[in-house]
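Below you'll find the structure I mean.
Please treat every number below as a calculation from the coordinates, not as lab data. Not measured: the values here are computed from a predicted model. When we count neighbours, we look across all protein chains shown, and the Cβ atoms used for this are built from the backbone with ideal geometry, even at glycine.
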């Protein structure tokens, strides 16, 4: 496929984009339009970002709002097809249409200070030397597993949303679903049709949002997330500020009792979960729909984290290093937010390169960078 280059050997380039999901592809599009030399490093085996790993029963019609990538609409899509197939095909076509230089599979292990004020981007597939970096790695690779007393003693099966295989794997089982987000609700509604019993537990009472979610509501939600990021705190989930959409399926789940929420348990026993008041629920499976954390460990050598645990941003730019931008992080974690942030990052980087008198000097990825020179 033109524009998708298997493997890589590294080289000098103006910008390295890490990740080829919605945020990474949007950024690459805007960088290309600005004439800025760049390469996209993606550790996934094929196009599609995190979408390629979603469970088969998550059809395109159930997707919670996918915004088109800049410059190309998805085209005719079957709402009954798995979203993993539909969106992966769309991303692949997008990379092809705009000739995006995506190298895969390339797993970036570290970004550190390099030679002459450049950034050294390291991976087993090669090393790149860049004037700027856009991190667009999302969260899918860092599922969050809470810890509870007795967790290791549980004789049943524990799995995370990231490993969810679809409802049929839970046929006849007693299932406890932990988490208050959209994924937890989707899992429950599916699993309840085939499971012997389901129990939903959350740390806080879920908030269901009725009515339309318009532009004003969206701006308010983004502002709340952005406030945390500007303070150097880890970003919260979108649902924590928007609430759960009260659609027909959710209304039916509430009416039937499937979505009757219980407060989170205090401990896990060999045969289930228990509360301090003596209640106990037998379980064969605990499904942790407890969200994800930003996949930014490879940036650790740059010491970008604030005391609060997050990376403080000014727009998309890391406050501690103007060469580094985070797209698809915090307020730009939505698909529409990622598109806008990709354009903003490209504009900031163009100004940075122009200020250094280096715009266009890096070009496309060239010869490998000797280890001792990077």
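Taking square-rooted eigenvalues a ≥ b ≥ c of the alpha carbon gyration tensor, is the range 135-214 rounded, prolate or oblate, where a/c under 1.5 means rounded and, failing that, a/b exceeding b/c means prolate?
Here the range 135-214 falls in the oblate category.
For residue 303 and residue 153 in the same chain, what is the full-extension length gain: residue separation times 0.36 nm, less their Cα-Cα distance, in nm?
Values: separation 150, 0.36 × 150 = 54.00 nm, distance 3.75 nm.
Answer, rounded to one decimal: 50.3 nm.
In nanometres, what is the gap between the two model label sites at residue 53 and residue 275, each 7 Å from Cα along Cα-to-Cβ?
3.4
So for the range 1-127, what are the equivalent ellipsoid semi-axes in whole Å, largest first, each being the square root of 5 times an eigenvalue of the Cα gyration tensor? Can you show the working numbers first?
Details: eigenvalues 163, 48, 27 Å².
Calculated on Cα positions only, the semi-axes equal 29, 16, 12 Å.
Here is a follow-up. Could you calculate the contour length gain from residue 78 to residue 347, that is, 0.36 nm times the residue separation minus the distance between their Cα atoms, to one decimal place in nm? All intermediate terms of the calculation are to be shown ahead of the outcome.
Details: separation 269, 0.36 × 269 = 96.84 nm, distance 3.55 nm.
Length gained between residue 78 and residue 347: 93.3 nm.
Further, regarding this structure: Label-point separation (nm) for residue 46 and residue 193, each offset 7 Å from Cα along Cα-to-Cβ?
2.5
Could you give P(r) for the range 57-130, binned at 10 Å from zero, as whole percent values over all Cα-Cα pairs?
Once binned at 10 Å, the Cα pair distances of the range 57-130 give 16, 31, 26, 20, 6, 0.
Evaluate E = 1/(1 + (r/R0)^6) for residue 320 and residue 246, where r is the Cβ-Cβ distance and R0 equals 35 Å; express this FRET efficiency to the nearest 0.05. Kindly include the intermediate steps, with their values, before the conclusion.
Details: r = 41 Å, r/R0 = 1.16.
It comes out at approximately 0.30.
Using only Cα atoms, locate the centre of the range 74-98 and the centre of the range 250-294, then give the distance between them in Å, rounded to an integer.
So the two Cα centres are separated by 35 Å.
Please arrange 95, 193, 85, 152 by counting, for each residue, the other beta carbons lying within 10 Å of its beta carbon, fewest first. Mind showing how you got there, number by number?
On the way: 95 24, 193 12, 85 18, 152 9.
The order, fewest Cβ neighbours first, is 152, 193, 85, 95.
Also, I was wondering about something else. Okay, which of the range 275-316 sit inside 17 Å, backbone N to the point 7 Å along the Cα-Cβ direction of residue 264?
Correct set: 275-277, 286-294.
Pop the C-beta distance of residue 112 and residue 204 into the FRET formula with R0 = 41 Å and round what comes out to the nearest 0.05.
Values: r = 39 Å, r/R0 = 0.95.
So, using R0 = 41 Å, E works out to roughly 0.55.
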